[in-house]
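Taking it in order: structure first as structure tokens, then the write-up.
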Amino acid sequence: MDTTQPDLINEPTVDNSASRSANGLQASSKSGEPAMSKSERIRRYIQAHPEARNTEIVAALEEHGIKYQDVGNVRSQEKRKAAKKSAPAKRRPAAAKPEVALPASTPSTPTPKPGAVSMETLQVGAEFVKQAGGIEQAQAILDLIRQIQSV
């Protein structure tokens, strides 16, 4: 495994005698730039090597003081962020409403033209939006149904 990436491994390390800059971050003694955090090093390494296991990451970055627990923490934080982005918005608990029976369509009802929406369809759609708790929640439900259908 190639661990000699200049932006990950060969980044100048910060010694304890480095001066603090005005914003409170330690600056490296060579370039005056803020030092890269352990978490950022781990994230960059994972981005460059997505198939790397935690032990491989620790072995590659141990000269920067990175331990197994650090890698596990970063991975779990990234998982939580990803789950938060993909989770649908929380809905308000709906008040208990009696279920409304949908009117049965009769065979004599003319078939609507393609693209046309019947009054009955509009009423059913409006009832769905009400039961969902609003248009945003109804849209979230429809998006979830589309995702399930595409699987």
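Only residues that are in a helix (DSSP H, G or I) and over 16 Å from Lys85 (Cα atoms): list them for segment 142-151, please. Spell out how you get there, then give the answer.
First pass over segment 142-151, keeping only residues in a helix (DSSP H, G or I): 142-150.
Leu142, Ile145, Arg146, Ile148, Gln149, Ser150 - these are the residues of segment 142-151 that are in a helix (DSSP H, G or I) and over 16 Å from Lys85 (Cα atoms).
Pairs under 7 Å by beta carbon, first residue farther than 20 Å from Leu144 by Cβ in segment 74-90, partner modelled with pLDDT under 80 and not basic (Lys, Arg), six or more apart or different chains?
none
The values are calculated or read from the model by the stated rules, or taken from the named source; none is laboratory data. It should be emphasised that the depicted structure is a prediction, and the values quoted were computed from it without experimental measurement. All Cβ positions, glycine included, derive from the backbone under ideal geometry; neighbour counts span all protein chains shown.
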